[in-house]
Amino acid sequence: MSERTKAINKTATSTSTKQDATTEISRVGVITVAAFGVVVGLWSLACIVGGMAASGGPLAFVGDWFKAVTGM
């Protein structure tokens, strides 16, 4: 008589992601610095466009800039 053995293999996989607090803080810091850089860049672009509009065009703007820097 032969004996039969049934083996039931149950495989359970569990995935969990655990992120370190320093990683999250670093990510928030990088995003904050990048957002601040974008705001400063847009503000400087608005200032340049306003200066060109006030001086009468790009060439006049460059001429006025040189006059302001040299003091003439």
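Any read-out appearing in this document is the output of simple, stated calculations on the displayed coordinates, not a laboratory observation. Small disclaimer: the values here were computed from a predicted structure and weren't measured. Here the Cβ positions follow ideal geometry from the backbone for every residue, glycine too, while neighbour counts run over all protein chains shown.
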Express the C-alpha Rg of the chain as a ratio against the empirical globular expectation 2.2 N^0.38 Å, rounded to two decimals. 2.91
With a point put 7 Å past each Cα toward its Cβ, work out how far residue 21 is from residue 72 in nm, to one decimal. 6.1 nm
Helix-only mean residue ellipticity at 222 nm for the chain, each DSSP H run of n ≥ 4 adding -39500 (n - 2.57), per residue, nearest 500: -23500 deg cm²/dmol
Given Cβ charges of +1 for Lys and Arg and -1 for Asp and Glu, the option among 30, 70, 11 whose Cα lies farthest towards the positive end of the dipole of the chain is 11
Gain on full stretching of the segment that runs from residue 60 to residue 5 - 0.36 nm per residue minus C-alpha separation: 10.4 nm
Relative to the longest principal Cα axis of the chain, at what angle does helix 21-55 sit, 0 to 90 degrees, rounded to 10? 20 degrees
Crossing angle, helix 58-70 versus the chain [Cα axis fit, 0-90 degrees, rounded to tens]: 80 degrees
